[in-house]
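One structure below.
Here, each number is a calculation from the coordinates, and none is a lab measurement. Note that the coordinates shown come from a computational prediction; the quantities given were computed from them, not determined experimentally. Note that we place each Cβ from the backbone using ideal geometry, even for glycine, and neighbour counts take in every protein chain shown.
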Amino acid sequence: MSLNADHSQPRVAVVGAGWAGLAAAFTLKLAGWHTEVFEQSPVLGGRARKAVIARRGLVLDNGQHLMLGAYRHTLALMQDIGVDSNHALLRLPLQLATLDGALHLAVNPAHPGPLRLPLALLRMKGLSLGEKYILFRTLLQLQLGGWRVAPDTTVFAWLQKRRQPSALIHLFWEPCALPRSIRRLAMRQWRCLPWCSGIAWPQVHMPAT
């Protein structure tokens, strides 16, 4: 659909006032379309809404609590609607660790940009030297390819094609690729979205308050 407004056309209806719905409505409105948003819940935001516990005087985040630096479109949208990300978000270096200490990856922001990922992988705990080499090679291939994969490729199929060892899949790719709410078997359906590029922007964003 063209975003060029044509006022002779009917109004545009956006069903759902979550992240995607509100972002679509905002973009359409900027383009001059007559836009209406429909949401069955009394609270907007979808999974990104806040939860108010009145009896305890608490206001909690209900949904995503952090973002990788690769979420460029989300961060750009926040800027477009007037959110100052420098004050609203706390930026921390990317770290990936398991509770049992089987794996630990930490990116040091003091290192020069091009060397951050190689040095982090070299010092990474929990993987063999061969697994580190496979991981670095795979990430380098992704980067050279613009962090893009074939359309409609699932994570499971992509990892199988790249011959990733099971330990690497379990300790690295699953935590990076899957939200906590999705079981391991969902890797067979989960799409290769730009989560891959999160390693290129080794930074985590979370609410500052």
Q: For a footprinting-style exposure proxy, rank TYR133, TYR71 by other Cβ within 10 Å, fewest first.
A: TYR133, TYR71
Q: Please order PHE156, PHE136 by the number of other Cβ within 10 Å, starting at the fewest.
A: PHE136, PHE156
**Q.** Footprinting exposure proxy for LEU119, LEU159 (fewest neighbouring C-beta atoms within 10 Å first)
**A.** LEU119, LEU159
Q) For ASP61 and GLN141, what is the calculated FRET efficiency with R₀ set at 30 Å and r taken between the beta-carbons, to the nearest 0.05? A) 0.25
Q) For the stretch 17-68 and the stretch 85-110, what is the separation of their C-alpha centers, rounded to whole Å? A) 26
